[in-house]
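First up is the structure itself, then whatever we jot down about it.
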Ligand SMILES: Nc1ncnc2c1ncn2[C@@H]1O[C@H](COP(=O)(O)OP(=O)(O)OP(=O)(O)O)[C@@H](O)[C@H]1O
Ligand SMILES: [Mg+2]
């Protein structure tokens, strides 16, 4: 069996293929909150964390999967570890449902996750005892879920905007009879529902300060958490009602207990969120521009935050696009991941290809740069480049590898260096090295170089994540999660 997983910023979903897609529930809920709480040496994951007051809460870690390692941070707060616990919980739900152990998974991730974020996701899966069969783009997963509904069209162009809790992911996909090719993607890991919450939160704090007549409000972690929950509820209410109000009752502020009511209507909320709407629209626009003016037959607006009051109208006004929501917004990504898992098992009748989300290339002489892997290439993908060694009797060749599309190497991001040593002494310009880039289906990149007239002289690097977990931490976290897992398995609760 292969699990299909949506590891979301705010909530996560798991399903399996059993003659069709089956999404697994936890006490009747189709998703679990993507969070953990550490309290007195114990770890609580998902709903157990959400309903727990006190302790140290870790959430929103998906956005931090490419952060540099923080020295002295508690082990459970590392994003890979927190994600590992959430994945382990999903695995447990699936194993309970199936009645046997499962090790393999398809995990959906934002299409614009870079190399470090992909590596970190693989590390999280390993910590959870899972082997990743495929990292699948979230927007591709949504398109797969949509295109493979029974009785669906044979041919369709699909534009998907998955606007989630923390990320916005847009893809343009061709679908022909269950075969999906992703053509264009764009997105950001820093734009989603929690940013709308933050906009409302900041405004609310401003109004509280005004009413209290004090500029000096310092909130405890629990107070902040409580207010963030209140503004999220108000935001959700505004997607259904004209106006809503936030009540603060005996709220301790600056040594006093403050009570008050703050009314928000759709108009005010839309004004607060306009800069965020604009950013989302800019991402959708990029994909519209990339696709050479072909007309998308269907525009799907998915992800919980696509329901945000005013957002659909803003997309309609600026792009004349009206989002279709014919699927369950909460489970669409997991649904597609399960379809893909079914496809890998040879059971589901579908196929989907993903594309490279960035340009990659090498530095040349005089500080120039050449792209070898082009953004938008369907993966897996291979590219080669011949480099003539200019100096005579050169014994070493160093090739710098970058991410980016600028013609000057220094304006791109250096992601690795490949060193060829022990070159045979030759006159100037008479030795040629062949550099080869290989990208696998998970967008893992391997670079090799060999001499053209002596192909056995080869060096290779698999680009390593600059923020990867050291081996001893991986081992420690795997043991921690495995112990937690064994304990959970023997407990009757979901
Ligand atoms: N009715 C609603 N109106 C506005 N926002 C909503 C509504 N329902 C849910 N949301 C917001 O949607 C977000 C969660 O969406 P979703 O479950 O798609 O995200 P996710 O998968 O956890 O995150 P991501 O895909 O970004 O990693 C939350 O910010 C939530 O507040
Ligand atoms: Mg999501």
Taking Cα pairs under 8 Å and at least six residues apart, what relative contact order does the range 360-452 come out at, in percent?
-> 32 percent
Relative packing of 226-235, 192-201, which averages over residues the other C-beta atoms within 10 Å, highest first | 192-201, 226-235
A student applying the Cα gyration tensor rule (rounded when a/c is under 1.5; otherwise prolate if a/b is larger than b/c, oblate if not) would label the range 291-370 oblate
Over the range 150-326, what relative contact order in percent results from Cα pairs under 8 Å that are six or more residues apart?
-> 28 percent
For peptides 405-411, 142-148, 346-352, sequence by mean Cβ density within 10 Å, most packed first = 142-148, 346-352, 405-411
Given a Förster radius of 22 Å and the C-beta distance between residue 349 and residue 1 as r, what FRET efficiency does 1/(1 + (r/R0)^6) yield to the nearest 0.05?
-> 0.75
Given the Cα-Cα distance of residue 73 and residue 210 and 0.36 nm per residue of separation, how much length would full extension add, in nm?
-> 45.7 nm
Considering only DSSP beta bridges whose two residues both sit in the range 360-452, what percent are antiparallel, to the nearest 5?
-> 100 percent
Which FRET efficiency value, to the nearest 0.05, do you get for residue 98 and residue 289 by plugging their Cβ-Cβ distance into 1/(1 + (r/R0)^6) with R0 = 51 Å?
-> 0.70
Express in whole angstrom the spacing between the alpha-carbon centres of the range 35-61 and the range 82-97.
-> 15 Å
Among bridges DSSP assigns within the chain, what percent are antiparallel (round to 5)?
-> 80 percent
Debye log10 I(q)/I(0) for the range 1-109, one point scatterer per Cα, at q = 0.12, 0.14, 0.16 Å⁻¹ = -0.41, -0.55, -0.71
Does anything in the range 23-63 have its amide N under 18 Å from the 7 Å Cα→Cβ label point of residue 223, and if so which residues?
-> 54-55
Global geometry of the chain, whether rounded, prolate or oblate, following the gyration tensor of its Cα atoms and the 1.5 cut on a/c | prolate
Extension length gain for residue 448 and residue 417 (0.36 nm per residue less Cα distance), in nm, is 10.1 nm
Sites residue 391 and residue 440 - FRET efficiency at Förster radius 41 Å, r taken between beta-carbons, to 0.05 | 0.75
Over the chain, calculate the relative contact order: mean separation of alpha carbon pairs under 8 Å at least 6 apart, over the residue count, as a percent.
-> 16 percent
Figure the gain on full extension for residue 240 and residue 459 (residue separation times 0.36 nm, minus the Cα-Cα span) and round it to one decimal in nm.
-> 72.9 nm
The range 308-346 scanned against label point 7 Å out from residue 268 along Cα→C-beta; backbone N under 20 Å for 308-311
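Any read-out appearing in this document is the output of simple, stated calculations on the displayed coordinates, not a laboratory observation. These numbers were taken from a predicted model, which means no experiment stands behind them. In this analysis, Cβ positions are derived from the backbone assuming ideal geometry, glycine residues included, and neighbour counts consider all displayed protein chains.
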